[in-house]
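Structure, as structure tokens:
The values are calculated or read from the model by the stated rules, or taken from the named source; none is laboratory data. Remember, predicted model here, so these are calculated numbers, not experimental data. Don't worry about glycine lacking a Cβ; one is built from the backbone with ideal geometry, like all the others, and counts go over all protein chains shown. Areas reflect the complete protein model, heavy atoms only, side chains present, ligands, DNA and RNA absent. Shrake-Rupley method; radii C 1.70, N 1.55, O 1.52, S 1.80 Å.
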Amino acid sequence: QVQLVESGGGLVQPGGSLRLSCAASGMIRSINAMGWYRQTPGKQRELVATITSRGRANSADSVKGRFTISRDNAKNTVYLQMNSLRPEDTAVYYCNADIWAHFASDYVNYWGQGSQVTVSS
């Protein structure tokens with residue numbers, strides 16, 4: 001089995017910061033790209049940021065300069081540091097990763113359970 005477990009969501013005031021973490025666990029052989037997506041009610045899930053196994057990062061224009069994605073390959077963990085948060089950043093944030101498990105023949109895409117981030121005064 002392989003799973004992604006997220007932590008770090010919550011309620012924060014506008015202008016504040018939060019850090020999300022997502023740890024992959026299980027019978028993992030290798031992890032390729034990891035990333036964060038977010039979704040609000042009635043809207044499609046959208047990309048926030050991704051990072052390759054070598055550390056090359058990409059992020060949505062709406063979060064550039066405010067959010068930073070990073071990863072610790074030794075811990076199979078990806079992070080999302082969110083600064084200067086705005087009410088429009090309120091969403092459920094989902095971790096995503098391409099994982100090659102020992103029981104699989106190729107990489108499979110996995111999702112975390114989702115973490116609520118609410119930005120409100």
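Values as computed for the structure displayed
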quantity	calculated
Solvent-accessible ranking of TRP36, TRP100, largest area first, probe 1.4 Å	TRP100, TRP36
Cα-based convex hull volume of segment 50-121 per residue, rounded to whole Å³	108 Å³
With all protein chains modelled, accessible area of LYS43 [1.4 Å, Å²]	130 Å²
Solvent exposure of the chain as accessible area per residue, Å², 1.4 Å probe	55 Å²
Dipole magnitude of the chain, debye to nearest 20 (Cβ charges: Lys/Arg +1, Asp/Glu -1, about Cα centre)	200 debye
Backbone HN-Hα couplings from phi across segment 11-26 [Karplus 6.51/-1.76/1.60, Hz, Gly and Pro as x]	9, 9, 7, x, x, x, 10, 9, 10, 9, 10, 9, 10, 8, 9, x
Accessible heavy-atom area order of SER30, SER121, highest first, probe of 1.4 Å	SER121, SER30
Accessible-area value, ARG29, 1.4 Å probe, nucleic acids and ligands omitted, Å²	120 Å²
Selection from TYR110, ASN58, SER21, by position along the positive dipole direction of the chain (Cβ)	ASN58
Accessible-area value, LEU11, 1.4 Å probe, nucleic acids and ligands omitted, Å²	130 Å²
Residue order for GLU46, GLU88 - accessible surface, 1.4 angstrom probe, largest first	GLU88, GLU46
